[in-house]
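Everything on this sheet refers to the single structure shown next.
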Amino acid sequence: MADAYDVAVIGAGPAGYPTAIRAAQNGLTVVCIDAWKNHDGSAALGGTCLNAGCIPSKALLESTELVHRAQTEFAAHGIRAQGVTVDLAVMQKRRASIVRTMTGGIAALFKAAGVTAVYGRARLLPGRRIEVVANDGARSELSARHVVLASGSVPTELPSLRFDHERICDSWDALEFDAVPPRLCVIGAGVIGLELGSVWRRLGSQVVVLEALDNFLAIADQQLAAEAARHFKKQGLDIRLGAKVSGTRVAGGAVNVDYTDRKGAQCVAVDKVIVAAGRRPYAADLLAPGSGVTLDERGFISVDADCRASAENIWAVGDCVRGPMLAHKGKEEGIAVADRIAGAYAHVNYDVIPSVIYTAPEIAWVGRTEEQLKAAGVQYKSGVFPFAASGRARAMEAAVGFVKMLAARDTDTILGVHIIGPMAGELIAEATLAMEFQASAEDLQRTIHAHPTLAEAIHEAALATDKRAIDNINR
Ligand SMILES: Cc1cc2nc3c(=O)[nH]c(=O)nc-3n(C[C@H](O)[C@H](O)[C@H](O)COP(=O)(O)OP(=O)(O)OC[C@H]3O[C@@H](n4cnc5c(N)ncnc54)[C@H](O)[C@@H]3O)c2cc1C
């Protein structure tokens with residue numbers, strides 16, 4: 001006899017595990033099935049984000065940023081730090097320990113909420129029945145009134161660059177290198193490529209980043225992108241735009257990466273390649289014939305605006321459905337679905353999803369870019385405040401970058417906030433909250449910000465939209 005639950009969640013990444021916890025908070029019986037296996041074969045909850053994405057990458061970015069600061073900033077503080085050396089094994093042990101603590105934390109949260117965790121691979125059968133092959137090979141079946149698919153995404157493999165996980169690596173491999181590759185090629189100057197490139201550059205790799213597009217950081221406001229490009233160049237990241245990779249040749253222990261750019265055929269010889277050319281939705285073996293769930297032309301599970309899939313009481317959330325592949329987007333979708341299943345009203349505001357790139361300087365934005373507003377013919381005003389004029393940023397030896405605020409010319413409503421500079425990923429939360437509440441630039445102008453803080457830069461950028469900045473010359 002199959003176990004029957006109110007809700008079965010497939011996938012315990014940042015989309016799936018919050019769905020399970022909220023559904024349990026709503027008084028429903030919940031099972032969450034996850035197939036994740038680490039490189040050592042151990043099972044873990046948390047999906048890509050906790051095991052091979054957001055958390056381990058931030059652990060390494062933090063460690064390597066300290067190295068960089070010791071080498072380049074300490075002297076300005078009058079601190080002599082000659083001979084700073086790195087013990088990569090300890091750095092990697094710390095990364096692994098943070099991941100273990102965080103993934104173990106989800107198991108504890110499940111236990112406290114009364115969510116049943118099942119470690120194994122799930123397949124959706126017709127009639128909301130689920131076949132589970134546990135990690136020990138045991139087969140079972142369960143059923144649920146509602147099923148939430150949260151199967152996530154996997155790195156895109158390029159036809160010309162097949163992963164061998166030794167020389168041609170994916171982002172997960174790149175988080176677990178046990179030695180610094182002397183020469184590294186990163187394919188893709190997106191968020192993941194820039195973060196991983198920064199980690200290994202700071203540890204001493206010569207890093208070439210090949211980007212097929214002609215525009216650097218095409219998804220970001222281009223004023224921000226230009227500032228970022230300047231800093232990355234200074235840090236020694238060799239970013240080559242319009243570079244289309246055609247193949248690789250392994251010879252004499254090196255990987256020769258062939259690509260073409262405006263000048264013609266080119267080649268770069270490196271020790272390792274990290275392919276960070278995007279991620280694709282993952283639904284392999286997830287849907288049995290007759291499940292009633294359809295995929296769109298790009299392989300995403302088709303859903304409506306409320307994350308309902310094409311079969312009754314089947315939902316899908318996170319990276320396996322349309323929208324930005326971000327942990328916090330999946331989390332909000334999951335919470336909203338769990339509330340909808342319980343009969344409550346829920347809403348996800350897709351227009352106000354912050355994005356962060358955890359490089360140095362950090363880059364973060366929410367809302368629309370200046371290019372998008374121009375293309376849409378929206379009349380807007382712009383206020384920019386440089387961190388060079390921030391006392392706190394100066395005290396931190398981090399007075400680089402700026403806050404840029406875009407507001408509607410007629411209503412003054414904030415339309416976008418773009419930050420490059422210290423703690424941009426933390427600062428963007430204020431802008432996100434303001435936009436969620438449909439605040440005007442004047443609302444932020446009249447909000448008291450503590451002095452001296454980095455957040456004052458947001459206050460001043462709001463003032464600058466009306467050319468009324470106090471701590472900077474208005475132009
Ligand atoms: C290097 C890197 C850095 C990143 N940094 C950030 C960041 O800083 N901020 C951010 O917001 N995002 C970041 N991301 C993206 C983020 O990791 C994803 O957006 C997020 O993990 C998606 O969550 P998800 O729950 O939809 O899917 P996933 O996290 O991929 O989880 C899906 C889970 O479902 C399981 N699963 C799949 N199929 C089955 C099945 N049939 N049966 C059982 N289980 C199954 C998988 O094993 C996995 O555990 C990063 C990604 C990478 C690779």
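The values are calculated or read from the model by the stated rules, or taken from the named source; none is laboratory data. Since the structure is predicted, the reported quantities are computational estimates derived from the model, not experimental observations. Cβ coordinates were reconstructed from backbone atoms using ideal geometry, including for glycine residues, and neighbour counts include every protein chain displayed. Quick note on the areas: whole protein, heavy atoms, side chains included, nothing else; ligands and nucleic acids left out. Shrake-Rupley method; radii C 1.70, N 1.55, O 1.52, S 1.80 Å.
Of all residues in region 78-95, those satisfying the criterion of being surrounded by 11 or more Cβ atoms within 10 Å (Cβ to Cβ) and touching a residue at least 40 places away in the same chain (Cβ under 8 Å) are 86, 88, 92, 95. Only residues that are within 10 Å of the ligand (Cβ to nearest atom) and assigned to a strand (DSSP E or B) were counted across region 8-37, and they come to 6. The C-beta contact set for region 228-250 (first residue without any contact (Cβ under 8 Å) to a residue 24 or more places away in the chain, second residue open to solvent by less than 50 Å² (accessible area, probe 1.4 Å) and part of a strand (DSSP E or B), distance under 6 angstrom, 6+ apart or interchain) comprises 249/256.
One line per residue, one yes/no per condition, for (1) closer than 24 Å to residue 312 by Cβ; (2) within 14 Å of the ligand (Cβ to nearest atom):
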| position | (1), (2) |
| --- | --- |
| 131 | yes, yes |
| 146 | yes, no |
| 153 | no, yes |
| 161 | no, no |
| 166 | no, no |
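Just to be sure before I move on: is residue 355 more than 30 Å from residue 64 (Cβ to Cβ), open to solvent by less than 50 Å² (accessible area, probe 1.4 Å) and among the small types (Gly, Ala, Ser) in the structure I sent? Judged against the criteria, residue 355 is not a match. Residues in region 169-186 that are more than 15 Å from the chain's Cα centre (by Cα) and open to solvent by less than 10 Å² (accessible area, probe 1.4 Å) were compared, and the one that is nearest to the ligand (Cβ to nearest atom) is 174.
Among 191, 268, which is the only one that is closer than 17 Å to residue 65 by Cβ, of a type in the set (A, V, I, L, M) and in contact with a Phe, Trp or Tyr (Cβ under 9 Å, 6 or more places away or on another chain)? Explain how you work it out, then say what you get.
Numbers: 268 fails: closer than 17 Å to residue 65 by Cβ.
Among 191, 268, only 191 is closer than 17 Å to residue 65 by Cβ, of a type in the set (A, V, I, L, M) and in contact with a Phe, Trp or Tyr (Cβ under 9 Å, 6 or more places away or on another chain).
The set of residues in region 244-266 being part of a strand (DSSP E or B) and loosely packed, with under 12 Cβ neighbours inside 10 Å consists of 249, 251, 264, 265. In the set (1) within 26 Å of residue 62 (Cα to Cα); (2) assigned to a loop (DSSP other than H, G, I, E, B); (3) open to solvent by 20 Å² or more (accessible area, probe 1.4 Å), the condition left unmet by residue 468 is number (1).
Looking for whichever is out of contact with any Asp or Glu (no Cβ under 6 Å at 6 or more places or on another chain), open to solvent by less than 10 Å² (accessible area, probe 1.4 Å) and within 25 Å of residue 230 (Cα to Cα) here; the options are 393, 424, 407, 398. Which one fits? Within the list 393, 424, 407, 398, the selection yields 393. Name the single residue, out of those in region 280-305 being touching a strand residue (DSSP E or B) at 6+ places or on another chain (Cβ under 8 Å) and farther than 23 Å from residue 156 by Cβ, that is surrounded by the fewest Cβ atoms within 10 Å (Cβ to Cβ). Ranking the candidates gives 290 first. Of everything in region 105-129 that is surrounded by 13 or more Cβ atoms within 10 Å (Cβ to Cβ) and in a helix (DSSP H, G or I), the residue that is farthest from the ligand (Cβ to nearest atom) is 113.
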